[in-house]
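Worksheet: one structure, shown below.
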Amino acid sequence: MSGIEQARKTAEGLVYSSGFGNEHSSEAVPGALPHGRNSPQRAPLGLYAEQLSGSAFTEPRADNRRSWLYRIRPSAAHPAFTRADNGG
């Protein structure tokens, strides 16, 4: 087998993540992610859309890093916080 044939065979077995600029997506249920939009008015499957940002709001737009989460319940719908014993 020549080097080109071996490289072609190796490439056929690889699976790549979709995305550009290290922005990727994955979904647990097919159809859970909106396609062609990053901020839909209504998320698919009745999910709640939440954006989590890891950058300061003063960062240039090109440098911002964020994650879109599609949840069954919004994260703000948690029960009231209770004091935890620190064990001391």
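The values are calculated or read from the model by the stated rules, or taken from the named source; none is laboratory data. Worth saying up front: this structure is predicted, and the values here are computed from it rather than measured. Every residue, glycine among them, receives a Cβ derived from its backbone with ideal geometry; neighbour counts consider all protein chains shown.
Against the numbered list (1) modelled with pLDDT of 80 or more; (2) surrounded by 10 or more Cβ atoms within 10 Å (Cβ to Cβ); (3) part of a loop (DSSP other than H, G, I, E, B), residue 50 comes up short only at (3). For residues that are of a type outside the set (Ser, Thr, Tyr) and part of a loop (DSSP other than H, G, I, E, B), tally how many sit in the range 53-75. Of the residues in that region, 10 qualify.
If you go through the range 55-88 and keep only what is surrounded by fewer than 10 Cβ atoms within 10 Å (Cβ to Cβ) and either in contact with a Phe, Trp or Tyr (Cβ under 8 Å, 6 or more places away or on another chain) or hydroxyl-bearing (Ser, Thr, Tyr) (or both), you end up with 58, 72, 73, 82. For the range 46-73, filtering for residues that are within 22 Å of residue 24 (Cα to Cα) and touching a residue at least 12 places away in the same chain (Cβ under 8 Å) leaves 16. Within the range 1-29, the residues that satisfy the criterion of being in a loop (DSSP other than H, G, I, E, B), within 14 Å of the chain's Cα centre (by Cα) and either exposed (fewer than 10 other Cβ atoms within 10 Å of the Cβ) or at pLDDT below 70 (or both) are 17, 18, 20, 21, 22, 26, 28.
Within the range 30-47, restricting attention to residues that are at pLDDT below 75 and not basic (Lys, Arg), the residue that is surrounded by the most Cβ atoms within 10 Å (Cβ to Cβ) is 40.
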